[in-house]
1. In segment 332-377, which GluC sites (Glu not before Pro) fall in coil by DSSP and have 12 or fewer other Cβ atoms within 10 Å?
2. Which loop-located chymotrypsin sites (Phe, Trp or Tyr not before Pro) does segment 228-318 contain, where loop means any DSSP state but H, G, I, E or B and the Cβ has at most 10 other Cβ atoms within 10 Å?
3. Need the C-alpha centroid separation for segment 423-479 versus segment 147-168, integer Å.
4. What FRET efficiency do you get for Ala156 and Phe409 if R0 is 45 Å and r is their Cβ-Cβ distance, rounded to the nearest 0.05?
5. Could you please report the charge total around Asn285, scoring K, R as +1 and D, E as -1 over all other residues with beta-carbon less than 12 angstrom from its beta-carbon?
6. Each label point is 7 Å from the Cα along the Cα-to-Cβ direction; what then is the distance between the points at Ala222 and Gln792, in nm?
7. Let me check against my output: what whole-number percent is the relative contact order of segment 218-258, with C-alpha pairs under 8 Å and at least 6 apart?
8. Please give the calculated 222 nm ellipticity per residue for the chain, where each DSSP H segment of at least 4 residues contributes -39500 (n - 2.57) and the sum is spread over every residue; nearest 500 deg cm²/dmol?
Amino acid sequence: MKRALMLLALLAAKAEAQVILSEVMYNPRGNENHNEFVELFNSSLTDSISLAGWRIGDQTATDDIVAWQAGLLLRPQQFAVILDPTYFTSSTQYQALLPAAALVVTIGDNAFGSGGFSNSTAETVVLIDAAGDTVAKYLYSLGNPDGISDEKIDPAGDDAPANWANALSVDGTPGARNSVAPSLRDVGLVPGSLTIVPAVLRAGMVASVRVRVHNHGVAPVANFKIAFNLIPANPEFFEPVFLGELMSETGLASGDEVEVLLSTPPLPPGAYALRARLSAEGDTNPLNDSLEIAAAIGWPRETLVINEIMYAPAGGQPEWLELYNPQSYDVPLHHWWAADEAGSRATIVENYSIPARSFRVLTASSGLAALYQTPESAVLITPAFPSLNNSGDMIVLRDFSGAVIDSIFYEGDWGEAGKSIEKIWHERDNSRRNWLPSRGALGATPADLNSVSPREYDLQLERLSFLPALPRAGEPVRLVATILNRGRRALANFSVHFFHDPIGTQDPALVEELGAVSVSQTLASEQTITVNFDWPPPSGINWVMAEVREARDVLMENNRKLAEVPVGYAVHTVAINEIYYAPRSGEIEWFELFNVSNAAVNLRRWRWREADAEETASLPDSNLILPAGGFAVVSPKGALPNLAAAALRVVSSRWLALNNDRERLSLWDFNGGLQDSVAFSSAWGGAAGFSLERINPRLPPQDSSNWSTCVEVSGATPGRQNSVFTAILPSAAQLSISPNPFSPDDDGIDDVAICQLNLPMATANVHVKIYDLRGRLVRWLLNNRQVGSSFQAVWDGRDEAGRLLRSGVYLVFLQALHGNSGTLLSAKTTVVLARPVD
């Protein structure tokens with residue numbers, strides 16, 4: 001009998017142990033008395049349990065569990081929900097939540113325990129079976145939000161606080177499986193386990209993403225997969241980015257945990273949420289399947305470049321900073337900022353972007369666009385734009401993530417007041433050699449291609465030279481054109497044209513094309529090539545021009561070069577023709593040059609020297625054109641009386657004083673070619689107030705017989721034909737009269753007779769006498785007159801007393817004495833004087 005009673009007691013204890021306290025709603029929404037509930041669960045798989053005689057309450061008082069419509073029998077795996085009696089008349093809070101399969105019961109009192117469960121004092125919920133034994137006892141914690149119940153986590157576990165948690169859903173789970181209870185299949189991501197390294201991310205990097213997976217369920221998990229995505233956090237990044245998916249086919253037992261690792265593809269720039277989302281077959285808890293962390297992926301360095309800086313504007317004008325986007329895609333600028341060395345920031349707070357291969361200007365001034373005629377859309381107003389130092393400053397450009405995109409430290413002497421500094425090659429570093437002051441017409445080029453930057457296609461004729469350096473007359477010259485590809489792209493199949501520009505004015509009417517050279521070789525950016533052209537130049541200061549031509553060349557201003565090619569003259573092109581070495585008091589020395597050739601000669605930079613001088617004296621460095629057959633007079637500063645109007649006056653800044661006796665005067669052209677030289681003495685001619693004249697400039701200069709004293713009364717003939725000039729000396733003295741006969745009747749026709757004297761000597765003292773047919777001397781026309789080789793005398797038909805002679809034939813007699821040689825020559829002829837009949 002005792003054994004039977006003991007067995008019954010064991011069976012009862014087993015049954016009681018199968019009923020567990022599962023959920024407590026002590027702080028419901030709405031009315032707290034009406035809406036409090038306690039949930040029980042029969043964990044048995046086979047046994048039903050009657051709740052008759054069972055009690056529920058707190059540590060102070062317990063209440064009988066009584067039936068409500070469906071009795072008190074709790075079937076296996078069934079939930080029982082114990083509601084306050086007032087709920088059924090005053091509330092419908094849980095009607096939508098209570099499953100039909102749940103057993104709904106109430107209590108015999110009007111409130112749980114001594115007056116309902118307290119929200120301010122933690123109480124112990126007590127469950128007593130029909131035998132009076134305490135089946136469950138749970139001290140709940142305070143602080144639950146309204147409508148959040150306490151749920152038991154592991155139904156098979158004890159009632160310690162660690163086995164209880166706040167419900168995951170509002171109003172709890174009355175009559176249903178607890179939201180915090182492990183399900184049969186529940187695999188989730190461990191909170192806080194999602195990481196990405198490295199911590200500082202830039203676009204293009206490959207990163208490692210790690211996350212831990214935990215099996216919260218009762219059953220093992222055969223496989224699962226995790227998808228990783230970047231979800232845009234800012235509006236400028238529009239599309240999610242799929243990073244990859246990991247699949248695990250290794251089983252994960254209940255309670256086990258594993259870490260998974262994803263190596264990402266190259267990351268795109270942007271502000272994102274990195275999201276890991278887990279999926280597993282049969283997983284009943286989606287709440288722990290997703291984790292997110294912030295991921296700011298900065299742009300690569302030099303995605304944008306600092307391209308132009310105005311740090312020293314003209315008075316009253318704003319400072320600014322230009323950015324350039326060299327990429328083939330637009331770059332958003334939201335929350336980018338530029339700072340100076342002091343830390344002042346210019347932050348872009350609007351959702352601006354900079355289009356591909358375009359410019360944007362940061363400034364605090366809204367008037368910048370009008371100042372430079374720049375589109376307003378290209379100017380981004382940043383009110384806190386830093387004040388840039390004129391003496392030098394540092395500028396750092398950072399993107400939204402704080403990543404440094406570009407930086408520059410400039411010095412004050414990089415630029416000029418009122419001008420920006422411009423980057424030459426945006427692809428290159430920010431060293432001084434890659435920045436120059438703007439060459440733009442307005443002193444800057446905001447939102448436009450920098451004035452100092454290379455274009456896509458740009459050939460430059462960098463240099464035009466020639467060989468030899470000092471070409472002489474008749475010597476061929478090689479023109480050498482150096483072509484530089486200043487553009488960004490390679491070019492081939494271009495041509496170089498060569499021109500002769502006689503006076504260097506580039507006047508199309510005067511320029512003559514000499515020829516062209518075609519170049520088929522490909523010329524890479526910043527490479528040079530030389531092109532040669534052989535040319536037989538004329539003597540003189542020649543201007544040549546070379547021009548490179550290519551159809552795609554966008555900058556024509558640098559396609560031409562001029563070069564001055566001084567080609568020496570043949571010997572004796574210019575002759576020393578007259579020398580005034582012994583001037584009168586108050587007068588200046590000078591010497592005369594004569595252009596013997598039939599072409600103009602440029603005396604620019606010619607040099608001369610007298611015997612005692614150690615160095616030569618130069619003629620001015622300006623064009624001094626001496627025409628064919630023309631005269632030039634070289635002298636120091638000062639008055640030059642009797643200078644012919646047509647003559648070229650050349651003032652030598654350095655004057656080498658001429659000796660009055662035993663002097664050598666030499667003349668060189670600009671290339672050092674000797675033109676003429678004469679070593680003379682006072683015995684050759686010339687005297688105080690009289691010049692030494694060359695008889696014929698085409699005859700040898702060193703022949704003393706080719707020089708003589710000027711025979712004009714003025715003493716010199718500066719800038720005109722010498723008084724002793726003789727083209728070709730006759731072999732004997734010649735005398736001729738014209739007209740013959742002549743009629744001195746004052747009618748204006750043939751009133752005088754011209755006596756033409758031609759002598760076979762440079763100078764002579766002459767007598768010209770006129771006799772009648774009886775041999776009487778009637779007129780002494782010339783008496784010991786010094787003349788040159790050619791001279792004319794006029795007879796008016798009168799005698800020595802001035803009386804008009806009668807008609808008839810008269811004898812003209814010439815005598816010429818050469819003083820140096822003592823030679824006496826004579827000639828005679830007749831002339832007819834025909835007076836009209838009265």
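The values are calculated or read from the model by the stated rules, or taken from the named source; none is laboratory data. Quick caveat: nothing in here was measured; it's all calculated off a predicted structure. For neighbour counting, all protein chains shown are included, and Cβ atoms are generated from backbone atoms with ideal geometry for every residue, glycine included. Just the protein is used for accessible areas: all its heavy atoms, side chains included, with ligands, DNA and RNA removed. Shrake-Rupley method; radii C 1.70, N 1.55, O 1.52, S 1.80 Å.
1. Those satisfying the criteria are Glu350.
2. Passing sites in segment 228-318 are Phe238.
3. Taking the Cα centre of each part, segment 423-479 and segment 147-168 sit 82 Å apart.
4. 0.05
5. Taking every Cβ under 12 Å from that of Asn285, the sum is -1.
6. Taking the two extended label points, one gets 13.7 nm.
7. For segment 218-258, the relative contact order is 52 percent.
8. -1000 deg cm²/dmol
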